[in-house]
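Chemist: Pasting in a structure now, in C-alpha cells, and then I'll have a few things to ask.
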Amino acid sequence: MWGKKFWCHELWRLVVGTALMALAINIVYDPLGMVPGGFSGASILLEHLSTGVIKGGIPVWLFNLLLNIPVFLWGFFLKGKEYICKSLLTNLIFSAMLYLIPVCSVTQQDFFLAAIVGGLLTGVGIGLVFSAGYSTGGTDLLGSLIQKFLPQYPVARILFVLDAIVILAGALYFGVDKAIYAAVSVYLSSHIMDGILAGMKVSKQVMIISTQYRQISEDILQQIDRGVTELKAKGAYSKLDRPALFCIVGRRQIGKLLKIIRQRDPSAFIVISDVREVLGEGFGQMMP
C-alpha cells in the first residue's frame, strides 16, 4: 500500500487535492455561510450552530473528524482494512489542511464569484484525490455503505439524497439564496471533477477502411505497438469484401497513427471517437 507508487504518484495528489478542497471551505463556503453538501457542509452548519455553546464554535476540521469516526468504524467491517485505511489517511490530511489554512473570505459578499471559485477549487481537488484512487470518506463512503442494504438504489442516487438533506438544512439556517449558490457550486465542481477523471482516461477508438489494410495493420503493430483487429466488412454499394481495421490508441499516439495511414493510403476512410476507459493489455487493469 505504501510502495513506490504511493510516494511518487499518489501522495502529491492527496496533498494538493485536499489542500484545494480545504481552501474552498475556509476561504469561500465557511465565511459566507454556504453549505455545499457532504460532511464538509454539515460541519460548516454545525460550527455555526455551536457558536451559541462555545465561543467561535467548534471548528470545521474537528467536526469533520468526529462525523467520520462512526462511518469509518462501520466501513471497516463492510469495506475491508485497506479501503478504510486509504480513506482514513486522506481524511486526516484533509482535516489537517482545514486546520492549517486560515478562515477568511476572499470573495467578500459576491456569492456568484464564490460559487465559481468554490466549485473550481473543490472540483479540481476531488478530481486529484479520486484520480489517485482514494476517497475522503464522508458521504461518499456513507453512501456506498448504505447501498449495501439498499441494493435497488444506485450509490449516485443515495449520495444525491444525502447531499440534498445537508443543503436543505443549510437553506433553513442560512437562507435559500445562499443554498442556491451552494448548489450551483456543487454542480460546477461535479462537472470539473468528471472532466479531470475522464480526461486522464480518454483514449481514441479508430476505425480504418482502406485497400492497404495489411500494410497499415503491420505499421501500427511495429511502429506504435498497439493491437489491431480485422473486422469483416462489405460495401453496400460495391458489394466488395474489405476488412475494416479496429484499434485503440492513446491520445498522444493519434497523430502518429494518422501519419501512418496517410503514408499508406491518403484516401483511406477513418472514423475516430473518444472512449472513456479501456481495460486490458496495454491499458488499465480490471479490478478482481
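The values are calculated or read from the model by the stated rules, or taken from the named source; none is laboratory data. All values derive from a computational prediction rather than experimental measurement. Here the Cβ is made from the backbone with ideal geometry for all residues, glycine too, and neighbour counts use every protein chain on show. Keep in mind that these areas ignore ligands, DNA and RNA; they rest on the heavy atoms of the full protein, side chains included. Shrake-Rupley method; radii C 1.70, N 1.55, O 1.52, S 1.80 Å.
Chemist: On alpha carbon coordinates alone, what is the Rg over Rh value for region 1-99, Rh being the Kirkwood radius?
Modeler: With Rh from the inverse mean 1/r over Cα pairs, Rg/Rh is 1.02.
Chemist: Can you tally the net charge around VAL249? Count Lys and Arg as +1, Asp and Glu as -1, for every other residue whose Cβ sits under 13 Å from the Cβ of VAL249.
Modeler: Net charge around VAL249: +3.
Chemist: Would you mind checking the tilt of helix 111-131 against the longest principal axis of the Cα atoms of the chain, expressed as 0 to 90 degrees and rounded to 10?
Modeler: With rounding to tens, the tilt is 60 degrees.
Chemist: Put a dot 7 Å past each Cα toward the Cβ at TYR83 and ILE69; how far apart are the dots in nm?
Modeler: It is 2.4 nm.
Chemist: List the pair-distance distribution P(r) of region 166-223, using every Cα-Cα distance, as the percent of pairs falling in each 10 Å bin from 0 up to the bin containing the longest distance, rounded to whole percents.
Modeler: Going out from 0 Å in 10 Å bins, region 166-223 shows 18, 23, 16, 15, 10, 11, 7 percent.
Chemist: Now, a different point. Starting from the residue with the highest accessible area, list TRP12, TRP61 in decreasing order, probe 1.4 Å.
Modeler: TRP12, TRP61
Chemist: What angle, in degrees between 0 and 90 and rounded to the nearest 10, separates the Cα long axis of helix 155-174 from the longest principal axis of the Cα atoms of the chain?
Modeler: 30 degrees
Chemist: Kirkwood Rh over alpha-carbon pairs of region 148-280, then Stokes-Einstein at 37 °C and 0.692 mPa s: what D in µm² s⁻¹, rounded to an integer?
Modeler: My calculation gives 174 µm²/s for D.
Chemist: Same structure again: Taking the Cα centre of the chain as origin, work out the dipole magnitude from +1 charges on Lys and Arg Cβ and -1 charges on Asp and Glu Cβ, in debye rounded to 20.
Modeler: 960 debye
Chemist: Which aspartates and glutamates have a Cα lying under 16 Å from the Cα of LYS5, excluding residues fewer than 8 positions away in the same chain?
Modeler: Counting by Cα, and skipping residues close in sequence, LYS5 has these aspartates and glutamates nearby: GLU82.
Chemist: A follow-up question, please. Report the net charge of residues surrounding PHE63, where surrounding means a beta-carbon distance below 14 angstrom and charges are Lys +1, Arg +1, Asp -1, Glu -1.
Modeler: -2
Chemist: With 36 Å as the cut-off, how large is the P(r) tail for the chain, expressed as percent of Cα-Cα pairs?
Modeler: Cα-Cα pairs in the chain separated by more than 36 Å: 35 percent.
Chemist: Give me the net charge of ILE84's neighbourhood, meaning all other residues with Cβ under 15 Å from the Cβ of ILE84; Lys, Arg count +1, Asp, Glu -1.
Modeler: Net local charge, ILE84 excluded: +2.
Chemist: How much accessible area per residue does the chain have, counting only protein heavy atoms and a probe of 1.4 Å, in square angstrom?
Modeler: 56 Å²
Chemist: Using the alpha-carbon atoms, what tilt in degrees (0 to 90, nearest 10) does helix 254-264 show relative to the longest principal axis of the chain?
Modeler: 10 degrees
Chemist: Are any of the pairs LYS79/LYS148; LYS204/LYS256; LYS148/LYS178; LYS4/LYS256; LYS4/LYS79 more than 22 Å apart by Cα-Cα distance, and if so, which?
Modeler: Violating the 22 Å limit, Cα to Cα: LYS148/LYS178; LYS4/LYS256; LYS4/LYS79.
Chemist: Starting with the highest mean, order 130-136, 142-148, 15-21 by the number of other Cβ atoms within 10 Å, averaged over the residues of each peptide.
Modeler: Result, highest mean first: 15-21, 130-136, 142-148.
Chemist: Taking 0.36 nm per residue of sequence separation and subtracting the Cα-Cα distance, how much length would be gained by fully extending the chain between LEU258 and GLN212, in nm to one decimal?
Modeler: Value of the extension gain: 15.2 nm.
Chemist: Please report, in debye to the nearest 20, how large the charge dipole of region 41-153 is about its Cα centre when each Lys and Arg carries +1 at its beta carbon and each Asp and Glu carries -1 there.
Modeler: The calculated dipole for region 41-153 is roughly 300 debye.
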